[in-house]
Amino acid sequence: DVVESQEHYKSRWRSIWIMYLTMFLSSVGFSIVIMSVWPYLQKIDPTADASFLGWIIASYSIGQMVASPLFGLWSNYRPRREPLVISTAISVAANCLYAYVHVPRAHNKYYMLTARALVGFGAGNVAVVRSYIAGATSLTERTSAMANTSACQAVGFILGPVFQTCFTLIGEEGVTWKFLCLQLNMYTTPVLFGALLGVINIILIFAIFREHRVDDMGRQYKSINSDGEGSDVLDQNTEGSIDHVAVVALNVLFFVILFVFAVFETIATPLTMDMYSWTRKEAVFYNGIILSVIGIESVIVFMVVKTLSKKTGERAILHAGLLIVLIGFFILLPWGKKLPNIQWQEIKNNSIPRTAPSEMLAPFWSWPELQLPSNHTAEPVGCPVTQSWCLNTPMIYLAQYISSDVLIGLGYPVCNVMSYTLYSKVLGPKPQGVYMGWLTASGSGARILGPVFVSQIYTHLGPRWAFSLICGVVVVSLLLLEIVYKRLIAFSVRYGRMQE
């Protein structure tokens with residue numbers, strides 16, 4: 001056996017920490033502008049409408065879906081420093097382009113679309129990050145490392161909007177540097193900050209990151225994309241074929257996991273506006289708080305599953321996570337008899353309070369009725385009569401909605417980290433770049449299709465159909481997990497080199 005030296009161990013984990021940072025910055029790059037895209041788009045190009053906004057949001061995932069397999073393939077045959085630096089440099093350039101989309105005299109919205117697509121393309125390095133971490137950790141270290149990776153990603157999604165909020169203090173006008181044609185305002189400063197973080201990331205990759213690879217037992221060996229460290233004596237551990245049935249099944253399961261969470265994120269604002277007569281401002285504010293709490297919950301869950309998986313195994317935890325998600329969406333189904341407020345009633349008399357004073361002592365399960373009196377603005381509230389289901393579908397109580405949020409916020413991170421961990425273990429010591437690229441691409445595809453699916457089904461058929469179909473999808477995924485359950489084992493366990 002080749003014993004790992006203390007120096008090698010420290011160098012290996014320093015490189016893994018650089019990968020954590022890269023994952024964090026990738027998610028910050030997505031979320032740091034997500035709240036300001038729409039007002040910035042309206043400011044630079046009045047011809048842009050809400051449908052074009054959808055394309056801009058989706059362009060990030062499209063770019064990542066295209067880039068992930070390409071960067072993964074690159075990392076299989078060349079030192080991983082190359083795709084990591086190039087992808088990060090693309091994100092830096094794309095953020096700088098985003099800061100200048102106001103300069104052209106026409107077609108500004110297309111420049112913004114291009115900038116966000118390139119940021120997503122640069123975020124394709126997620127496949128390289130996860131494939132490196134999978135190859136640089138032993139089986140006993142893998143779950144913890146994957147959980148830390150997902151936690152860094154989640155923290156990035158949480159802190160991105162926080163950074164954005166801090167930069168709003170600069171205001172819409174900000175400071176203009178005419179000799180650079182640059183406006184430093186609440187819309188451009190966040191992306192320039194993201195570009196600065198990307199430059200720092202590139203410097204750290206050159207200064208600290210080193211290529212390391214260990215087998216499932218933790219013994220080091222040299223791979224084709226190594227930069228000189230390691231030994232050739234353990235290459236025989238790569239012998240054997242990958243179980244492609246398990247690989248395909250995990251790709252499908254990961255697609256479902258990302259699909260249902262994308263549906264959950266997308267439906268939050270329109271659902272609460274329809275059910276609880278919230279204004280746009282109220283919906284954004286309250287759901288922002290809820291999503292922030294869910295993000296914190298996710299980070300805690302990532303930390304807990306590292307310990308729990310050692311006792312129960314990843315497959316059992318993945319099964320439990322899918323069951324929790326199923327219960328979360330099942331709770332969202334409308335069960336009562338009370339109908340939501342119809343929007344045309346509010347339009348008829350916008351001065352009528354939504355809630356009588358006597359109802360302020362309503363019990364917990366009827367929280368949706370606790371509404372402030374309607375103001376005298378022109379914004380209509382309630383469930384629009386143009387959605388025919390509003391006239392016959394019972395409302396979803398606020399207690400249902402919050403309970404569902406808590407359960408989905410618990411189940412999603414569990415499923416996310418366990419699917420990544422199982423996937424890397426099934427692949428074993430084989431080069432994982434391309435495989436991780438396809439897994440990342442399937443998740444990006446889910447984030448594209450999820451919002452499209454739910455917006456069509458919810459608008460035309462209502463929450464009962466939308467959430468019933470989601471429950472059906474999760475049930476099918478649970479059946480698939482049962483079918484392939486015994487095949488979701490580590491590569492070394494499959495070929496008898498280690499005991500499960």
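The values are calculated or read from the model by the stated rules, or taken from the named source; none is laboratory data. Since we're looking at a predicted model, the values are computed, not measured. Note: ideal-geometry Cβ built from the backbone for every residue, glycine included; neighbour counts use all protein chains shown. Heavy atoms of the whole protein, side chains included, go into the accessibility calculation; ligands, DNA and RNA do not. Shrake-Rupley method; radii C 1.70, N 1.55, O 1.52, S 1.80 Å.
Structure data summary
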quantity: Residue pairs meeting the criteria (Cβ under 9 Å; at least 6 apart or on separate chains; first within 20 Å of Asn251 (Cα to Cα), in region 444-456; second of a type in the set (Asp, Glu) and surrounded by fewer than 23 Cβ atoms within 10 Å (Cβ to Cβ)); calculated: Arg447/Glu265; Gly450/Glu265; Pro451/Glu265
quantity: Any hit, region 171-184, residues being assigned by the TED database to the domain that holds Gly63 and crowded, with 22+ Cβ neighbours inside 10 Å; calculated: no
quantity: Scan of region 58-83 for residues that are crowded, with 18+ Cβ neighbours inside 10 Å, of a type in the set (A, V, I, L, M, F, W, C) and more than 20 Å from Phe209 (Cα to Cα), ordered by number; calculated: Ala58, Ile62, Met65, Ala67, Leu70
quantity: Number of the condition not met by Asn148 [criteria: (1) under 24 Å from Asn416 (Cα atoms); (2) open to solvent by 10 Å² or more (accessible area, probe 1.4 Å); (3) more than 23 Å from the chain's Cα centre (by Cα)]; calculated: (3)
quantity: Cβ-Cβ under 9 Å pairs, at least 6 apart or on other chains, region 161-177 side within 15 Å of Ala99 (Cα to Cα), far side part of a helix (DSSP H, G or I) and charged (D, E, K, R); calculated: Glu172/Lys43
quantity: Residue identified as open to solvent by 30 Å² or more (accessible area, probe 1.4 Å), within 21 Å of the chain's Cα centre (by Cα) and assigned by the TED database to the domain that holds His319 among Tyr420, Tyr435, Tyr485; calculated: Tyr435
quantity: Filter pass, Gly54 being in a helix (DSSP H, G or I) and buried (at least 19 other Cβ atoms within 10 Å of the Cβ); calculated: no
quantity: Search result, residues across region 275-286 that are out of contact with any Asp or Glu (no Cβ under 9 Å at 6 or more places or on another chain) and either assigned by the TED database to the domain that holds Ile32 or open to solvent by less than 10 Å² (accessible area, probe 1.4 Å) (or both); calculated: Met275, Ala283
quantity: Residues of region 32-48 satisfying the condition of being in a loop (DSSP other than H, G, I, E, B) and open to solvent by 80 Å² or more (accessible area, probe 1.4 Å); calculated: Met35, Pro46, Thr47
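Table: residues versus (1) under 20 Å from Thr189 (Cβ atoms); (2) at pLDDT below 90.
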residue	(1), (2)
Ser61	no, yes
Val66	no, no
Phe71	no, no
Pro83	no, no
Tyr111	yes, no
